[in-house]
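Colleague: I'd like to ask some things about the structure below.
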Amino acid sequence: MKHLILSIFLVFVAGKTFSQYDPKALETLEAMSAKLKAMGAFEANFTYRLTNDVDNINEEFKGKMTVKGDKYRLTLPEQEVINNGTTLWTYLPDANEVNIDNYDPNSEDVNPSKIFEIYKKDFKYLYLKDETIGGVLCEVIDLVPEKKDAQFFKIRMNISKKDKQVKSFTMFDKGGNRYTYSITEFKSNINVDDSYFAFDPKKHPGVDIIDLR
């Protein structure tokens with residue numbers, strides 16, 4: 001499910017290709033990233049949707065992410081992923097099982113603490129258009145990885161033109177799957193203790209601990 005957390009997509013428009021880094025897209029991405037960094041910590045409720053037209057897949061569920069610097073906690077219906085910046089816990093409540101692994105900050109996996117600045121390394125970006133989405137005027141930007149063997153081939157971000165807040169993003173993979181995350185509620189500058197970003201086995205009596213470190 002770690003690999004689930006994130007959005008990458010490629011769109012061609014007349015007269016433009018990803019052979020260049022679009023300065024207009026960069027301006028919006030930098031403003032979005034700077035605003036989130038200045039918050040310190042934030043929490044977002046979101047709706048996740050997986051679609052695949054060929055395989056007739058259409059799944060949807062709700063989740064929550066809390067981010068503080070490099071730390072994050074991602075709550076999904078069937079699992080919880082917790083990262084304190086050095087250790088990664090993946091808890092499966094139905095099985096009462098937790099997998100523990102070292103966190104690799106250089107991993108190519110997209111995660112909640114990195115998605116808002118993923119464009120800064122190994123990506124090209126293009127400003128596509130302004131579009132009203134869910135009643136909000138957004139700037140639509142595509143990110144495309146420079147590595148041809150990347151897990152996703154494109155991320156499309158919809159960023160509010162007014163306040164530079166991410167409203168949604170979609171990740172596209174080579175199997176035809178589209179993973180869309182739509183922010184339904186956003187709280188900035190929240191007060192959250194660092195202990196929130198660590199798994200506490202005392203709160204899960206009898207938990208099966210699988211240490212992969």
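A short reminder: the numbers here are calculations on the coordinates, not readings from a lab. All values reported here derive from a predicted model rather than from experimental measurement. Using ideal geometry, Cβ is built from the backbone for each residue, glycine included, and neighbour counts are taken over all protein chains shown.
Colleague: What distance in nm separates the simple spin-label points at GLU185 and ILE133, each placed 7 Å from Cα in the Cβ direction?
Modeller: Those two pseudo-labels are separated by 2.1 nm.
Colleague: Counting C-alpha atoms alone, how compact is region 24-100: give Rg to one decimal and Dmax as a whole number, in angstrom.
Modeller: Both quantities, over Cα of region 24-100: 16.0, 47 Å.
Colleague: Continuing with this model, one more query. Under 5 Å between amide hydrogens, which residues at least 5 positions from THR87 or on another chain qualify, with H placed 1.01 Å from N in the peptide plane?
Modeller: Hits under the 5 Å cutoff: TYR103.
Colleague: Please give the FRET efficiency for LYS64 paired with PHE153, using the beta carbon to beta carbon distance and R0 = 25 Å, rounded to the nearest 0.05.
Modeller: 0.35
Colleague: Kindly write out, for region 207-212 in residue order, the coupling ³J(HN,Hα) from the Karplus curve 6.51 cos²θ - 1.76 cosθ + 1.60 (θ = phi - 60°), rounded to whole Hz, with x marking Gly and Pro.
Modeller: Result, rounded to whole Hz: 4, 8, 9, 10, 8, 9.
Colleague: Nearest 10 degrees is fine. How inclined is helix 23-39 to the longest principal axis of the chain, computing both from alpha carbons?
Modeller: It works out to around 30 degrees.
Colleague: Turning to a different aspect of this structure: Be a star and scan region 66-96 for residues whose amide nitrogen sits under 12 Å from the point 7 Å along the Cα-to-Cβ vector of ASN106.
Modeller: Under cut-off, by backbone N: nothing.
Colleague: Something else now. Given that compact globular proteins tend to follow 2.2 N^0.38 Å, what is the ratio of the alpha-carbon Rg of region 118-213 to that value?
Modeller: 1.47
Colleague: Then there is this: Add -39500 (n - 2.57) for each DSSP H run of 4 or more in the chain, then divide by its residues: what number comes out at 222 nm, to the nearest 500 deg cm²/dmol?
Modeller: About -2500 deg cm²/dmol.
Colleague: Next up: For the ranges 113-121, 21-29, what's the packing order if you count other beta-carbon atoms within 10 Å of each residue, average per peptide, and put the highest first?
Modeller: Taking the mean over residues of other Cβ atoms within 10 Å, the ranking is 113-121, 21-29.
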